Amino acid sequence: MQTQALTGDWEFCQAGTEEWLPAQVPGGVHTDLLAARRIPDPFVADNEKRVQWVAESDWEYRRDFPCAPETLAEDQVFLVCDGLDTLATITLNGTELGRTDNMFRQSRWNVKSLLRPTGNELKIKFDSPVRFIAEQQKIRFLPGSSHAIPGGPHLRKAPCQFGWDWGPQLPPIGIWKDIRLEGYTRARLDEVHLRQHHADGRVTVEARVFVQRWNDAPLVATMRVTAPDGQVLDARAPVAANGEATARVLIAKPELWWVNGYGAQPLYQVEIVLRHDDAPLDARAYKIGLRTIELRQEEDRWGRSFAFVVNGVPIFAKGANWIPADSFPTRISDEHLEGLIRSTAATHQNMLRVWGGGLYEEERFYDLCDRYGILVWQEFIFACNMYPLDAPAFVENVRVEAIENIRRLRHRACLALWCGNNEIEWLWERWGWHDPKWRDPEIAYEKFFHHTLREWCTTEDPDHAYWPSSPSSDTPFQDPNGSRQGDAHYWEVWHGRKPFTAYRDQYPRFMSEFGFQALPPLATIRTYADEAEWNMTSYIMEHHQKNAGGNAAMVGQMLDSFRLPKDFESLVYLSMVIQAEGIRYGVEHWRRHPDRVAGTLYWQLNDCWQVASWSSLDYFGRWKALHYAARRFYAPLLLSIEDAPPNQGIFVTSDRRDPWDGLVRWSLETLRGEVLLSGEEQVNAAPLAATHVRTFDFADRVTDENRREAIFVTELWQGSERVAIQVALFAPTKHLSLTDPGISANLRVDKNQLIAELSARALARLVELSLEGADVIFSDNYFDLPATRTVTISCPLPEGWTLDRARAALKIRSVYDSYTRQRIANE
């Protein structure tokens, strides 16, 4: 086999013009225009509006190239395009090869007869996706998301690229994945299906190989499995006349792959080589993790469970929803992508839901999830729209798309589930689509998502479960967002404006979506809004808020808990902490009931541009308050308080696979640390369970006269180590008689880590630390600091910094500072 890359330097122009500009492949029109300084940054101010013409236009890309002699010498040579976005016409040396209309499919043409040693010209013309969907929408109206350019369901392109309630209307155009020549002689590997069979503590790795061949020469498929310790196991199998072969390797002492927090993530290398007379003709390489996974659904007293079980152990799924990390996905760097996944794992998360309004992600995303132990709930790309599933040509296009992506991902250790779509079944009910005029699409929906797509998944990948929609009960159009069975989305707090306490009324079997918005950090706001626009109702701030009424919803919930902020900087801080407090409130409740609720995935992990949204990591990967809170509420050992003043209940939830013994020290005290009542409770935390330690009734101690001065503090200890600390209130934060907490910070440097020992003379609520002039991740942030306690926080010391510079740069804020001023003492 010979491969010749065709990525790198190309040229492009707007169709109908002759001004050819430099282009980079993989890439796209917007990023190439940005590089040529022909458009302003679409993410700044309201420039999104000024570049709408780009996606409304047609574009052409071209490249001249020589064909390497070794490539031309092969019997068969293919032009392979892994991803063309989206309406493309491909021409080589004046001959049209074909046309594409699906950004999620690979395209392949035999071009052997068209190639020359030199002077080959490859042209790809892209038609406007916006014009196409507008034309199709006129022919057949399909209802869908009100935040998107209408008509998106007609085209197999990422739905969110046409706009969403957190994303801009900037549909990319271009060669967004690898493009190359592949040359073969005699035969090539058409498909490889890797499977694992676990029995009696041993694992058999099986490779079923499907070969495309051009003659009857004898062929052999070989498999080499290299263990994490370097041990090598080999197998070989002859290729039958029908082009199939099956090779197997027995691993007697397998190292099992576990999700993050439950064990290690050893990966085995698997190499499949197709040979003739021992000469290699084609090869594929994989990394696999040895593990079993099932979606366990069993009848119980609440209905039917919905639990992921890995290596026989029920896993509480702790995670978030993943969206594309950039509106222009080709500019996502390896470093940035790994930073997002590393931040996911650092907060004890073990699952990401690849949401159906985005993309089937690139290999590097799944590589990272394999390495970091992050399970992937993988959706097919359908979301919040009605699709033409009664059109045979559309379904056939999707069939090829689905099979290609199933085959691409089914070997992954991280893969947990195939899911048909996002919210379409639920929205059929919410948006009033149960109407006679939509009867044909409704019948087509049920057939496709409950039968056809399920059959494709079962045939191509019998080792992973299929789920028709999220949310769903697995029964078409019956209680699709209920709490008896299946998964649930709960949006009554955000869209319904209910208080955070409403989360405690919900007991879903699996909560796959819920969320609350926050502004991004001020450093990010600076990148798109001038200081004159720093107001929640300004034009630019509302342009970077794609959910109608979103800024008002944030402020409304904020003022239920906090006093009116004194300035915009304080408002940004309060928006982040109210988001963190709300999601914490829900997750802690559901983790107190792991026998009933098997997972929580908050909406959303990340952003595709700078925006006010539900994310915990902003566009640049900066940690918002929610992400720090996730590190606490997703901790393997969670101390939580079920607060129902004057009652306070203490719980310890353990994801450990072994029992845990320790104690809880508790104190009813004033804001200034005067102890009214205290004690300690022994804790014997059962594995994979929630343990109720004790519930206190403080009705005789806390009255209307002193509830603004009283707090309940709990600390979880094991020996001399404090594992966690929690504070519960008897009145809303805005009504507390907070005083200057007098936070002091004693700083030192140890092994390139900046260490801060913090203490306060009165309760410091939701303490924020920052280093002015540097982006750092602290070991904890946005935490409560009760009086008389010392908390030690660390972060990497920025390169080239001294301790004195760190002292000068350290800024500390608490809720008290959001409406008054405080003097900070740095020692």
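Can you name the residue in region 103-138 that is among the basic types (Lys, Arg) and part of a strand (DSSP E or B) and is also farthest from GLU11 (Cα to Cα) among such residues? My answer is ARG108.
Restricting attention to region 173-185, the residues being over 29 Å from ASP461 (Cβ atoms) and open to solvent by 10 Å² or more (accessible area, probe 1.4 Å) number 1. A single member of ARG701, ARG665, ARG672 is among the charged types (D, E, K, R) and in a strand (DSSP E or B), and it is ARG665. Of the strands (runs of 3 or more DSSP E) that lie entirely inside region 282-362, those containing 3 or more residues that are in contact (Cβ under 8 Å) with a residue 60 or more places away in the chain and open to solvent by less than 10 Å² (accessible area, probe 1.4 Å) span 317-322, 351-354. Does LEU389 satisfy the criteria of being open to solvent by less than 10 Å² (accessible area, probe 1.4 Å) and of a type outside the set (Phe, Trp, Tyr)? When the stated conditions are applied, LEU389 does not pass them. Hey, does region 734-747 have a residue that's at pLDDT below 95, part of a strand (DSSP E or B) and not polar (S, T, N, Q)? The answer is no, given that none of the residues of region 734-747 is at pLDDT below 95, part of a strand (DSSP E or B) and not polar (S, T, N, Q).
Return yes when ARG439 is within 27 Å of GLY599 (Cα to Cα), basic (Lys, Arg) and out of contact with any helix residue (DSSP H, G or I) (no Cβ under 7 Å at 6 or more places or on another chain) and no when it is not. Here the answer is no, as ARG439 does not meet what is asked. Residues that are farther than 18 Å from SER613 by Cα and of a type in the set (Ser, Thr, Tyr) number at least 3 in none of the helices (runs of 4 or more DSSP H) confined to region 493-577. When the residues of region 222-263 are filtered to those that are free of Cβ contacts under 8 Å to residues at least 60 places away in the same chain, part of a loop (DSSP other than H, G, I, E, B) and of a type in the set (A, V, I, L, M), the one that is most open to solvent (accessible area, probe 1.4 Å) is ALA241. The residues of region 264-281 that are in a strand (DSSP E or B) and of a type in the set (Gly, Ala, Ser) amount to a single one, ALA279. Among the residues making up region 614-649, those that are over 25 Å from GLN349 (Cα atoms), touching an Asp or Glu at 6+ places or on another chain (Cβ under 7 Å) and open to solvent by 20 Å² or more (accessible area, probe 1.4 Å) are PRO646, ASN647. Counting the residues of region 24-38 that are outside any loop (DSSP other than H, G, I, E, B) and open to solvent by less than 60 Å² (accessible area, probe 1.4 Å) gives 7. Looking for something in contact (Cβ under 8 Å) with a residue 60 or more places away in the chain, part of a strand (DSSP E or B) and closer than 25 Å to ILE578 by Cβ - is there at least one such residue anywhere in region 688-698? For region 688-698, residues in contact (Cβ under 8 Å) with a residue 60 or more places away in the chain, part of a strand (DSSP E or B) and closer than 25 Å to ILE578 by Cβ: absent.
Yes or no, residue by residue, for (1) surrounded by fewer than 15 Cβ atoms within 10 Å (Cβ to Cβ); (2) on the phi < 0 side of the Ramachandran plot; (3) out of contact with any Gly (no Cβ under 8 Å at 6 or more places or on another chain):
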| position | (1), (2), (3) |
| --- | --- |
| PHE651 | no, yes, yes |
| SER654 | no, yes, yes |
| ASP661 | yes, yes, yes |
| ASN684 | yes, yes, yes |
| PHE696 | no, yes, no |
| LYS734 | no, yes, yes |
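All conditions but one from (1) modelled with pLDDT under 95; (2) within 30 Å of GLN682 (Cα to Cα) apply to LYS751; the one that does not is (2). Region 39-101 holds helices (runs of 4 or more DSSP H) entirely within its bounds, and those carrying 3 or more residues that are of a type in the set (D, E, K, R) map to 47-50.
The values are calculated or read from the model by the stated rules, or taken from the named source; none is laboratory data. These numbers come from a predicted model, not from an experiment. For neighbour counting, all protein chains shown are included, and Cβ atoms are generated from backbone atoms with ideal geometry for every residue, glycine included. We work out accessible area using only protein heavy atoms, side chains counted, and drop any ligands, DNA or RNA first. Shrake-Rupley method; radii C 1.70, N 1.55, O 1.52, S 1.80 Å.
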